[in-house]
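The values are calculated or read from the model by the stated rules, or taken from the named source; none is laboratory data. Remember, predicted model here, so these are calculated numbers, not experimental data. Don't worry about glycine lacking a Cβ; one is built from the backbone with ideal geometry, like all the others, and counts go over all protein chains shown. Surface accessibility is based on the protein's heavy atoms, side chains included, excluding ligands, DNA and RNA. Shrake-Rupley method; radii C 1.70, N 1.55, O 1.52, S 1.80 Å.
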Amino acid sequence: MKYAGTDKMGDLICENYNLLLVMSRFGLSLGFGDRTVEQVCEAQGVHTGTFLAVVNFMDDECCVADDFRKELSIEALMDYLKRAHVYFLDFKLQAIRRKLVEALEVTKEEPGREVAGLILKFYDAYVHEVQAHMGYENQVVFTYVEALLRGEVLPEYNIGVFARRHNQIETKLTELKNIMVKYYPARVDNEYLNEVLFDIYACEQDLCSHCRVEDYMFVPLILELEKKSECHARG
């Protein structure tokens, strides 16, 4: 356990700026001064135990500490995942596409325009796949969990179905990067393309971390909830 509730929130961000993404997905705003994690979360209505579990998991992506496992809130974690979906679908992937179009614009009248067209087509197909992946989670998985939380038992579905089909959506970005790095025509001024390529690398890492939170934090929580629901239904 690296981060605790008594740590200053500002120290967390200074030590690992990637945690800014975690903060935003919990709905936390900047401007927290010297307040601790507990104080900031309490003031902004965020479940402290879940926030700490996620930031500690993000730091090493190894496991969820037992101290935090019992402090996790399914509702808070699910809200975090929903906000992450909004970030990827409505902001990050669209921002990358705009940069990609701008970077590829210079190849309009050059021999590389065919490769540029292939890159953009590949990217759009990838975004469509991410939309389908996260749409399934929003419409099916989260709806199922919300029903469980209301005490409803739905025998036609279980979280194991989700776990078995949970493909790693970030893997196709590797193919896109290879096309850009290996086959894009050499130019002297590749600043725009290098910048968007950097964004794609960062997005790939972010998506990987997101999927790991689902696999190693969310799924185990729902498995426990299913067991409790089944026991309650039998009792």
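All but one of (1) more than 29 Å from L118 (Cα to Cα); (2) part of a loop (DSSP other than H, G, I, E, B) hold for T143; state the number of the condition that does not hold.
Unmet condition: (2).
Collect the residues in the range 19-46 that are among the basic types (K, R) and free of Cβ contacts under 8 Å to residues at least 40 places away in the same chain, keeping them in residue-number order.
R35
Which residue, of E204, E195, is surrounded by 16 or more Cβ atoms within 10 Å (Cβ to Cβ) and at pLDDT 85 or above?
Going through E204, E195 in turn, just one is surrounded by 16 or more Cβ atoms within 10 Å (Cβ to Cβ) and at pLDDT 85 or above: E204.
Please indicate, with yes or no, whether at least one residue in the range 112-127 is modelled with pLDDT of 95 or more, among the small types (G, A, S) and open to solvent by less than 40 Å² (accessible area, probe 1.4 Å).
The answer is no; no qualifying residue exists.
When the residues of the range 28-45 are filtered to those that are touching a helix residue (DSSP H, G or I) at 6+ places or on another chain (Cβ under 7 Å), open to solvent by less than 70 Å² (accessible area, probe 1.4 Å) and assigned to a loop (DSSP other than H, G, I, E, B), which remaining residue is modelled with the lowest pLDDT?
This residue is F32.
Run I169 past the list (1) open to solvent by less than 90 Å² (accessible area, probe 1.4 Å); (2) modelled with pLDDT of 80 or more; (3) under 22 Å from L221 (Cβ atoms) and report the number of the one that doesn't hold.
The one condition I169 does not meet is (2).
Find the residue count for the range 1-47, including only residues that are under 23 Å from K92 (Cα atoms) and among the aromatic types (F, W, Y).
Selection size over the range 1-47: 2.
Filter the range 10-26 down to the residues that are farther than 21 Å from C203 by Cβ, open to solvent by less than 90 Å² (accessible area, probe 1.4 Å) and under 21 Å from the mean Cα position of the chain (by Cα) and list them by number.
The answer is L12, and nothing else.
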